[in-house]
1. Asn216 passes all but one of (1) crowded, with 18+ Cβ neighbours inside 10 Å; (2) part of a helix (DSSP H, G or I); (3) of a type outside the set (Gly, Ala, Ser); which number fails?
2. Considering only region 30-37, I want to know if a residue exists there that is surrounded by 14 or more Cβ atoms within 10 Å (Cβ to Cβ), modelled with pLDDT under 90, closer than 28 Å to Ala243 by Cα and in contact with a helix residue (DSSP H, G or I) (Cβ under 9 Å, 6 or more places away or on another chain).
3. Quick check, is Gly214 under 14 Å from Glu196 (Cβ atoms) and without any contact (Cβ under 8 Å) to a residue 12 or more places away in the chain?
4. With closer than 29 Å to Leu109 by Cα and modelled with pLDDT of 95 or more as the only criterion, which of Lys245, Lys205 stands out?
5. Would region 81-92 turn up any residue that is in contact with a strand residue (DSSP E or B) (Cβ under 9 Å, 6 or more places away or on another chain), surrounded by 21 or more Cβ atoms within 10 Å (Cβ to Cβ), part of a helix (DSSP H, G or I) and of a type outside the set (Phe, Trp, Tyr)?
6. Within the bounds of region 98-113, is there any residue that is of a type outside the set (A, V, I, L, M), part of a strand (DSSP E or B) and within 18 Å of Asp145 (Cα to Cα)?
7. Which condition breaks for Arg152 when tested against (1) surrounded by 19 or more Cβ atoms within 10 Å (Cβ to Cβ); (2) within 16 Å of the chain's Cα centre (by Cα)?
Amino acid sequence: MMRFFMLSDQRPMSAKTCEPRNVSLTPGAQEVSSSYTNGAAAVQLHAFAAQLDLVLATKPQLPLFLHSRAAHEDFRRLLQEKFGPGLEKLERGGVVHSFTGSIEEARELMDLGLYIGINGCSFKTAENCEVVKQISLDRMMLETDGPWCEIRPSHEGYKLLLEKKPETNGEAAPVDAPKPQPKSKKNQKKEPEIPERWKIVKKEKWQEGAMVKGRNEPCMIERVAKVVAGIKGVSVEEVCEAAWKNTNKVFDLQA
């Protein structure tokens, strides 16, 4: 079994704790934006710095599973303060998951040797999709971040999941963005925009092998791969092979 550890206390972890199948350390999410008070931002920065100190104290080191939202400068600064200008002291590297930043921010992180994790949140806008297009496949990982961060109909990347219209004059017609659905009549079932491959049930009627309605599931990662492939104009297979290679390189899943 592979395990991710959330760094919620401040006790150094021993080699015994970091047994072979513990594949990653996960410092708490770093989210500092204009909606936070200065006090809240200060608390987050203090906690993040303390968690990075724990990483340095943990032997052997494990790769990091990181998160940054609207806090890039502080995020990068603290990483470099703790691990060196080029993150030389970060022995196993890491991934910045659920990435929604700019291409400039992505390049700075990749230049530090970090990987970029892509999920549904990475496809919200045309600008987000352009960033994904410019991230090299050899620095990209795929994720769902379930049970949230699904690819929604309102997302720019969603249209890449829709079936193409029948060909006209030998060429496939472009896929239109999903149109707002009219309010359905009471008890009238709404057909999904994308045909589902799996049975979907309400959480109260959970059953093995079925998806839970309204919940992003691990099996939905194929949609992330499909959107990345559509954005980049490459095959889904190429995207998946690159993502698997990168993931295994960092987390050593085949060891």
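1. (2)
2. Taking every residue of region 30-37 in turn, at least one turns out to be surrounded by 14 or more Cβ atoms within 10 Å (Cβ to Cβ), modelled with pLDDT under 90, closer than 28 Å to Ala243 by Cα and in contact with a helix residue (DSSP H, G or I) (Cβ under 9 Å, 6 or more places away or on another chain).
3. When the stated conditions are applied, Gly214 passes them.
4. Criteria check complete, one pass: Lys245.
5. Looking through region 81-92, none of the residues is in contact with a strand residue (DSSP E or B) (Cβ under 9 Å, 6 or more places away or on another chain), surrounded by 21 or more Cβ atoms within 10 Å (Cβ to Cβ), part of a helix (DSSP H, G or I) and of a type outside the set (Phe, Trp, Tyr).
6. The answer is no, given that none of the residues of region 98-113 is of a type outside the set (A, V, I, L, M), part of a strand (DSSP E or B) and within 18 Å of Asp145 (Cα to Cα).
7. Unmet condition: (1).
The values are calculated or read from the model by the stated rules, or taken from the named source; none is laboratory data. The structure displayed is predicted, hence computed values, not measured ones. Counting neighbours? That spans all protein chains shown, and the Cβs are built from the backbone with ideal geometry, glycine included.
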